[in-house]
Each structure stands twice: as structure tokens, then as C-alpha cells.
Amino acid sequence: ITVSAILAKAGHEWVLLKVLPGKIARREHGQARFVIVRAVKAVLLRAAIAAILLGVGALITDASGQGFTFGLAMSGALLLIALALTELRRAWGLAHGATWLSDAPDNMVKPWLLVSAAAALVAAGYAPNATDLLWLNAAFTAATLLLGVALLLHRKHRPLMATAARPVDVREHDSLMRSMWLTNALNIVLRNGDVLIVGALADLRTT
């Protein structure tokens with residue numbers, strides 16, 4: 001899910017980091033809105049496709065004997081989409097120079113919520129399974145994503161809400177997006193090359 005989310009953001013976070021600071025400084029709010037909305041739509045589409053492919057792949061290769069449940073598929077899909085959009089929101093915040101606002105919802109708020117919820121379930125005598133934890137993770141990731149966007153719009157980019165999108169030339173944006181997507185993909189393969197090779201040659205337990 002995490003790898004799919006990284007690939008789903010497709011380098012658009014780098015476009016926001018490169019393009020938005022100049023648009024913000026020049027008060028080109030219409031163009032900034034166009035860039036942000038375009039990135040969100042592209043990442044949302046890629047994340048949805050990745051979620052479908054991941055679900056189909058899990059269904060085909062499921063060897064747990066317990067079956068691939070609908071709840072597991074839906075929670076995993078929601079988490080994947082929320083993680084991909086979260087990365088985009090983080091880049092949006094960093095483009096404003098808002099480091100705390102960019103990182104705090106995901107690195108400080110969400111972990112406390114997740115751990116507290118899991119601890120409460122255990123204290124109540126319930127042993128959460130993988131699907132329960134995925135739902136919790138997906139729900140808190142989506143909640144902190146919405147909270148981060150709301151704070152960002154309220155504190156840093158109010159004019160964006162009142163300005164119509166104005167199209168800009170995106171050829172350079174797409175070039176940067178494609179090159180950074182390829183860099184991310186190669187980085188994932190190289191960092192996990194040993195596991196991928198062993199996995200291609202051996203069964204799951206041996207891997």
C-alpha cells in the first residue's frame with residue numbers, strides 16, 4: 001500500500017514544490033489553484049487505479065486460507081488514496097514554507113490517534129486484526145488529511161478559495177513529474193532489489 005501510494009503521487013509533489021512558491025509570491029492565485037487542482041485530480045486517478053490493481057492482485061495471489069475480504073479491500077484502497085493525497089498536501093504546505101503545518105498532522109497527530117485507538121481496543125478486551133487496524137489507519141489518515149487541508153486553506157491560502165482556476169502551460173511541469181516518478185520507481189526497486197529477487201525465485205515463507 002505504501003509503495004503504491006508513493007508511485008501514485010507520480011512526481012506531482014515536486015511540481016507543487018517547484019511551481020507554487022513563485023505563484024504565491026506573485027499572487028497568481030488563479031494559476032496556483034489550477035496547478036493544485038490538476039495535481040489532486042491526477043494523483044486521485046492514479047491512486048484509484050493503483051487501489052484496484054492492488055486489490056485484484058491480492059485476490060489472485062491470496063494464499064492465507066482465510067480469503068480476501070471486502071473489508072480488507074476497501075480499507076486498503078482508502079488508505080492508499082489517503083496516503084497519496086497526504087503526500088501531495090505535505091508538498092503544498094512546504095511550498096508555503098509551513099513546515100509544522102505540513103508535517104504535524106501526519107507525524108504527530110495521527111500516530112497518537114492510532115496508538116490510542118488500538119490501546120483502547122486492547123484495554124476493552126478486543127484483539128484487533130489486520131482489517132481493523134487498516135480501517136483505523138485509513139480513517140485517521142483521511143481525517144488528518146482533511147484537517148491539514150482545512151488549516152492550510154484557512155491560514156495560508158484563503159484567496160485560493162475565491163479565485164477561479166487559470167490554466168497555465170504544463171509542459172515543463174509534466175517533464176519534471178515524469179522524471180521524478182521514474183526516480184521514485186527506480187529508488188523503490190533498487191532499495192528492495194534483494195527481496196524482489198528472492199521473491200521471484202522462492203515461495204512466500206522462504207522469502
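Scanning segment 170-179 turns up one or more residues that are under 20 Å from Leu20 (Cβ atoms), open to solvent by 70 Å² or more (accessible area, probe 1.4 Å), in contact (Cβ under 8 Å) with a residue 12 or more places away in the chain and in a helix (DSSP H, G or I).
So that you can scan it fast, the table gives a plain yes or no per residue for (1) in a helix (DSSP H, G or I); (2) among the hydrophobic types (A, V, I, L, M, F, W, C); (3) in contact with a Ser or Thr (Cβ under 8 Å, 6 or more places away or on another chain):
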{"residue": "Gly97", "(1), (2), (3)": "no, no, no"}
{"residue": "Asn107", "(1), (2), (3)": "yes, no, no"}
{"residue": "Trp112", "(1), (2), (3)": "yes, yes, no"}
{"residue": "Val115", "(1), (2), (3)": "yes, yes, no"}
{"residue": "Tyr126", "(1), (2), (3)": "no, no, no"}
{"residue": "Leu136", "(1), (2), (3)": "yes, yes, no"}
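In this structure, does Ala10 turn out to be surrounded by 15 or more Cβ atoms within 10 Å (Cβ to Cβ) and part of a helix (DSSP H, G or I)? It is false that Ala10 is surrounded by 15 or more Cβ atoms within 10 Å (Cβ to Cβ) and part of a helix (DSSP H, G or I). Among the residues of segment 19-49, write down those that are among the charged types (D, E, K, R) and surrounded by fewer than 17 Cβ atoms within 10 Å (Cβ to Cβ). Residues satisfying the conditions are Arg26, Arg27, Lys41.
Residues in segment 180-205 that are surrounded by fewer than 11 Cβ atoms within 10 Å (Cβ to Cβ) and part of a loop (DSSP other than H, G, I, E, B): Ala202, Asp203, Leu204, Arg205. Residues considered: Arg89, Arg158. Of these, the only one that is open to solvent by 60 Å² or more (accessible area, probe 1.4 Å) and charged (D, E, K, R) is Arg158. Listed by first and then second residue, the pairs with beta-carbon distance under 6 Å, at least 6 apart or on different chains, first residue in segment 46-58 and more than 15 Å from Lys9 (Cβ to Cβ), second aromatic (Phe, Trp, Tyr), are Ala58/Phe68.
Candidates in segment 59-80 are the residues that are assigned to a helix (DSSP H, G or I) and open to solvent by 40 Å² or more (accessible area, probe 1.4 Å); of these, the one that is modelled with the lowest pLDDT is Thr61. In summary, Ala165 fulfils each of the numbered conditions (1) part of a helix (DSSP H, G or I); (2) in contact (Cβ under 8 Å) with a residue 24 or more places away in the chain; (3) not basic (Lys, Arg) with the single exception of condition (1). Residue pairs whose Cβ atoms lie under 9 Å apart, sitting 6 or more positions apart in sequence or on different chains, and linking a residue in segment 128-143 that is free of Cβ contacts under 8 Å to residues at least 24 places away in the same chain to a partner that is open to solvent by less than 40 Å² (accessible area, probe 1.4 Å) and outside any helix (DSSP H, G or I), are Leu136/Pro128.
Among the residues here, Thr131 does not qualify as open to solvent by less than 60 Å² (accessible area, probe 1.4 Å), polar (S, T, N, Q), modelled with pLDDT of 90 or more and out of contact with any Cys (no Cβ under 7 Å at 6 or more places or on another chain).
The values are calculated or read from the model by the stated rules, or taken from the named source; none is laboratory data. What you see is a predicted model; the values in this text were computed from it and never measured. Don't worry about glycine lacking a Cβ; one is built from the backbone with ideal geometry, like all the others, and counts go over all protein chains shown. In case anyone asks, the SASA skips ligands and DNA or RNA and just uses the protein heavy atoms, side chains included. Shrake-Rupley method; radii C 1.70, N 1.55, O 1.52, S 1.80 Å.
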